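Below: one structure, written as structure tokens.
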Amino acid sequence: MSKAFRLHRYGGPEVLRYEDVDIGEPGCGQVRIRNTAVAVNFRDVLVRRGTHAVKSFPSAIGLESAGVIDAVGGEVLGFSVGDRVAYAGAPEGSYAEARIVPAARLIALPPAIDERTAAAMTIRGLTARCLLHDTFKVKPGDTVLIHAIAGGVGLIMCQWAKHLGATVIGTVGSDAKAAVARAHGCDYPIVYGREDFAERVLHITGGEGVPVVYDSVGKTTFEGSLRCLRRRGVMASFGEASGDPDPVPPRRLGALGSIYLTHPSLTNYTVTRDELLAAANDLFAMVTTGKIKIEIGRTYALQDAARAHADLESRKTTGSIVMVV
């Protein structure tokens with residue numbers, strides 16, 4: 001038996017139940033991981049609330065963890081018991097002492113990256129890479145807007161965008177978070193509760209607007225984000241922390257300057273194993289060479305998942321959140 005969190009209904013942090021589960025042995029093409037570090041992502045909060053529906057109850061929760069392989073199923077090549085690995089993606093189940101996952105989606109960890117760092121960076125770092133390299137290819141001289149820049153994804157994106165030669169504008173919720181963003185290279189941190197970020201962006205860019213907005217906040221920032229874009233700019237809406245934005249008629253995109261609206265999903269950028277490994281290798285190289293520093297804002301014990309969720313929802317955290325097993 002192993003311990004894991006499961007949902008029996010949607011609701012607040014209190015609905016997370018820490019239970020005994022029988023995970024069994026890995027099947028063909030699978031491995032079993034003994035988790036040592038588990039990531040807490042805002043997506044997990046949305047799953048718990050019911051914004052992202054689960055298939056049925058009871059349901060496991062969590063998509064990202066790192067640990068050590070302790071059992072290998074049939075027809076698995078390239079992995080052995082004792083290997084240090086990270087896993088990010090479906091099926092749900094990372095909030096657990098152990099889990100069984102498909103080997104094809106595993107990422108072997110280089111010696112220079114410990115498991116806590118891996119759990120803190122895998123989904124966030126891969127997301128940052130696909131946004132900055134694929135959704136819109138940032139190049140030297142670009143000015144970009146990144147919402148929630150003091151969060152886990154935001155801090156990675158800020159550092160990576162600076163490495164690519166961009167000027168970075170970022171929104172934050174407080175002066176303390178503005179200081180964190182500035183320390184990680186943000187050129188223009190904007191406290192959006194105090195000033196109109198769209199007006200500030202247009203002022204910074206001389207009225208032209210930015211070629212791309214990376215928006216993980218959703219409803220409360222969406223309209224302002226559209227105002228920030230220059231002609232033929234890209235609106236990359238990749239999260240809904242404040243809820244889903246209102247629908248946008250396609251004709252309005254033309255009136256706003258023939259802008260592009262997309263909702264990037266990491267899954268669609270890492271469909272094949274080659275795509276996954278190429279993205280992971282880029283991320284590992286940025287971290288191991290010191291170009292990106294992974295910030296773990298808070299660490300909790302696995303059994304304190306409800307408190308981690310509450311702190312994340314109340315905006316008490318910066319950087320990544322990790323639970324240790």
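With each label modelled as a point 7 angstrom along the Cα→C-beta vector, the Ser258-Arg105 pair spans 3.9 nm.
Here the stretch 140-263 is treated as a sphere whose radius is the Kirkwood value from Cα pairs; by Stokes-Einstein at 20 °C and 1.002 mPa s it diffuses with a coefficient of 151 µm²/s. Qualifying trypsin sites (Lys or Arg not before Pro) in the stretch 194-241, where qualification requires a DSSP coil assignment and no more than 16 other C-beta atoms within 10 Å, comprise Arg194. In the chain, helices alone account for a calculated mean residue ellipticity at 222 nm of -8500 deg cm²/dmol, with every DSSP H run of four or more residues adding -39,500 (n - 2.57). In this rough spin-label picture, where each label sits 7 Å from Cα along the Cβ direction, the Asp282-Arg194 distance is 3.5 nm. Over the chain, the Kirkwood radius and the radius of gyration, each from Cα atoms, give a ratio Rg/Rh of 0.98. Evaluated with a Cβ-only charge set (Lys, Arg +1; Asp, Glu -1), the stretch 140-263 carries a dipole of roughly 240 debye about its Cα centre, given to the nearest 20. Centre-to-centre, using Cα atoms only, the stretch 178-192 and the stretch 224-292 are separated by 20 Å. Would you mind telling me the antiparallel percentage of the DSSP bridges in the stretch 140-263, rounded to 5? The antiparallel fraction comes to roughly 0 percent. Summary of packing: across the peptides 150-163, 281-294, the per-residue average of other C-beta atoms within 10 Å ranks them, highest first, as 150-163, 281-294. Each of Leu131, Leu302, Leu253 was scored by other Cβ atoms within 10 Å of its Cβ. Listed from fewest to most, they are Leu253, Leu302, Leu131.
What is the diffusion coefficient of the stretch 179-325 in µm²/s, taking the Kirkwood radius over Cα pairs and the Stokes-Einstein relation at 37 °C with a viscosity of 0.692 mPa s?
Roughly 182 µm²/s, to the nearest whole number.
The lysines within cross-link reach of Lys293, meaning a Cα-to-Cα straight distance under 18 Å and a gap of 8 or more places when in the same chain, are Lys162, Lys177. Scoring 265-273, 112-120 by mean Cβ neighbours within 10 Å over their residues and listing the highest first yields 112-120, 265-273. Here the calculated FRET efficiency for Val54 and Glu208, from their Cβ-Cβ distance with R0 = 41 Å, stands at 0.40, rounded to the nearest 0.05. Seen against the Cα atoms of the chain and their longest principal axis, helix 115-129 is set at about 40 degrees. Based on the Kirkwood approach, the hydrodynamic radius assigned to the stretch 114-198 is 12.9 Å, with every pair of different Cα atoms included.
DSSP assigns beta bridges within the chain; of those with both partners inside it, close to 55 percent run antiparallel. Towards the positive end of the charge dipole of the chain, with charges on Cβ (+1 Lys, Arg; -1 Asp, Glu), say which of Ser2, Gly29, Cys158 has the farthest Cα. With unit charges placed on the Cβ atoms, the residue in question is Cys158.
Among Leu46, Gly224, Ile149, whose Cα projects farthest towards the positive end of the dipole of the chain, with charges put on the beta-carbon of Lys, Arg (+1) and Asp, Glu (-1)? Going by the charge dipole, the pick is Gly224.
Bear in mind that the values in this text are calculations on the coordinates, not laboratory data. On a predicted model such as this, the values are computed, not experimentally measured, just so you know. So basically every Cβ, Gly included, is an ideal-geometry build from the backbone, and we count neighbours across all protein chains shown.
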